[in-house]
Structures are given as C-alpha cells and as structure tokens.
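Comments concern the structure below.
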Amino acid sequence: DSGVTQTPKHLITATGQRVTLRCSPRSGDLSVYWYQQSLDQGLQFLIQYYNGEERAKGNILERFSAQQFPDLHSELNLSSLELGDSALYFCASSARRGLAGAGDTQYFGPGTRLTVL
Amino acid sequence: GNSVTQMEGPVTLSEEAFLTINCTYTATGYPSLFWYVQYPGEGLQLLLKATKADDKGSNKGFEATYRKETTSFHLEKGSVQVSDSAVYFCALSGQGAQKLVFGQGTRLTINP
C-alpha cells in the first residue's frame, strides 16, 4: 500500500460527458502528479501541483483540468469526453519535506480506470 | 526532449533464469533513473532508483547501474521467481524537473 488513494476505481461514462477523478496523496506529501496510461500512448505525464499551485504541465488536453486543494488532495476534471480518453489515470505524490528534487520517489495510487462508451 | 527506450516485450522465462531488461535514455544534463513495477490490477511501485552516474540501485534481488557513458540503466536479476511476473517500466526525471518520463514497459512472465 503506497498511501496514495484514488476514487473511484472504475468509471464508465458516455461521450460528451464530464467526470472528476479524486486523489489523496500520502500524508504530508506536497506534490501531486497525474499520469495517463493508455495502450497506444503508454504512460504519459499530465500535470503536477505543488502545495496548491500548478508546477508543471505535460501533454494535457485543454478539455482536462486539475486542481489541488488546501488539504492537498487533488482532482482531475475531464470534460467533453471522447472514446480516446478511455485509459487508466494514475495519481502520484512525493516531497514530504521541503521542495522536491528530481530524484525524489513518486508513490503511485492504484489508478482510476475510465471507460468512455 | 527527454526519452526512454526499453527492450520490446513480452519476455518469457523459466523460474531461476537470469533476467536482463534493457533500458537506454536520452536526456540533457544528469537525470535520475528509476525502475517501476506494475503487478496485475495494481498501481506502479518503485523497484529501485539511481540519482547519479555509476550509482547502483538494488532491491528484492534486482539491480541496475546508472551508466552515463552508454546512457543505460539495464535491469538484472540473477534468479527470477514466478512472483516476479509483472510489467516493468524504466523512467527518468530530468535535471531540475520532477515529472517522470516512462519507457513503453516490458511485460515479464515467469513460468514454473
């Protein structure tokens, strides 16, 4: 158990809909990362938040957005869903003390499997 | 940009065989290198890491050495077990950046 929790585990929805994925980082971790795992694109970094502020952005679509709340949990919002958005979405956390370094270990949650029909 | 290339899978071995999964990277500066493992139905777990050249990461009998001259971080284990069956991902985080860049993953199956 990594200490990172994600809800829901599975989500099935229709094209055009909007969903919210939730992540609670390990106790005390300040950084939250979102990754997408799909068969064709592999594991891709989407976005990082550090202590409530956006820190880095990857290949995140404009239809997707995220935020990190004062209690450090994070939400990833996916809107106008398309069939190609079906994937496993992982959250990871790191950085218990001070600013994170490039070598910091990221601890991954179990993921949310999104199926768009 | 930074990238990671892993050997193509799937890889199938017999129990107690020697394992090598090749990983090479492209990055500027001095990245940190990682191996993560994903068991069926689970998230990724850190297996081992190395943060500077010539460092050796090791865990659960697995080892990998950070070779800057060959830009490689190959994963090895002397004697694999059925319980090692999983998907293995090589990854890097670039100098000054924390996001992970992953290879495509290598599915490993160990037969008894």
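A short reminder: the numbers here are calculations on the coordinates, not readings from a lab. Only a predicted model underlies this, so the values are computations on that prediction, with no experimental measurement involved. A quick note on method: Cβ atoms are made from the backbone with ideal geometry, for glycine too, and the neighbour counts reach across all protein chains shown.
Restricting to Cα atoms and excluding each atom paired with itself, what does the Kirkwood estimate give for chain B in Å?
This gives a value of 14.0 Å.
For chain B, with only Lys/Arg (+1) and Asp/Glu (-1) charged at the beta-carbon, what is the dipole magnitude about the Cα centre, in debye rounded to 20?
Dipole of chain B, to the nearest 20 debye: 360 debye.
Report the extension gain between A:ASP40 and A:ASP1 in nm, rounded to one decimal, defined as 0.36 nm multiplied by the number of residues separating them, less their alpha carbon distance.
11.2 nm
Hand me the chymotrypsin sites (Phe, Trp or Tyr not before Pro) from segment B:7-112 located in a DSSP loop with no more than 12 other Cβ atoms within 10 Å, in residue order please.
Counting only loop positions with at most 12 other Cβ atoms within 10 Å, the chymotrypsin sites (Phe, Trp or Tyr not before Pro) in segment B:7-112 are B:PHE18.
Trypsin sites (Lys or Arg not before Pro) within segment B:24-90: which are DSSP loop residues with at most 15 other Cβ atoms inside 10 Å? Walk me through the intermediate numbers first.
On the way: sites: B:LYS49, B:LYS52, B:LYS56, B:LYS60, B:ARG67, B:LYS68, B:LYS77; in loops: B:LYS52, B:LYS60, B:LYS68.
Those that pass, being in a loop and sparsely packed, are B:LYS52, B:LYS60, B:LYS68.
Under 17 Å from a point 7 Å along the Cα-to-Cβ line of A:ARG18: which residues of segment A:68-92 have their amide N that close?
The answer is A:68, A:75-82.
Quickly work out the B:ALA17-to-A:ARG63 label distance, labels modelled 7 Å from Cα along the C-beta direction, and quote it in nm with one decimal.
About 4.2 nm separates the two model spin labels.
With respect to the cross-link table entries B:LYS49/B:LYS77; B:LYS56/B:LYS77; A:LYS9/A:LYS57, which display a Cα-Cα separation exceeding 18 Å?
A:LYS9/A:LYS57
About the Cα centre of chain A, how large is the charge dipole given +1 on each Lys and Arg Cβ and -1 on each Asp and Glu Cβ? Please answer in debye to the nearest 20.
Numbers: 10 positive and 11 negative charges, 34 e Å.
Charge dipole, chain A, about its Cα centre: 160 debye, nearest 20.
For the protein assembly as shown, treating each Cα as an identical point scatterer without solvent, what Debye log10 I(q)/I(0) comes out at q = 0.11, 0.16 1/Å?
-0.55, -1.12
Which one of B:SER93, B:TRP35, B:SER14 is farthest out on the positive end of the charge dipole of chain B, using unit charges on Cβ (Lys, Arg +1; Asp, Glu -1) and the Cα centre as origin?
My answer, from the dipole projection, is B:SER93.
Need one number: nm distance between label points at B:SER79 and B:SER3, each 7 Å from Cα along Cα→Cβ, rounded to one decimal.
It is 4.0 nm.
Loop-only trypsin sites (Lys or Arg not before Pro) in segment A:1-102, please: DSSP not H, G, I, E or B, and at most 12 other Cβ atoms within 10 Å.
A:LYS9, A:ARG18, A:ARG97
By counting other Cβ atoms within 10 Å of each Cβ, how are A:LEU83, B:LEU100, A:LEU72 ranked from fewest to most?
A:LEU83, A:LEU72, B:LEU100
Running a GNM on chain A with Cα contacts under 10 Å, which residue among A:ILE12, A:ILE60, A:ILE47 ends up with the highest mean-square fluctuation?
Most flexible of the set in this elastic network: A:ILE12.
In debye, nearest 20: dipole of the protein assembly as shown around its Cα centre with unit charges on the Cβ of K, R (+) and D, E (-)?
340 debye
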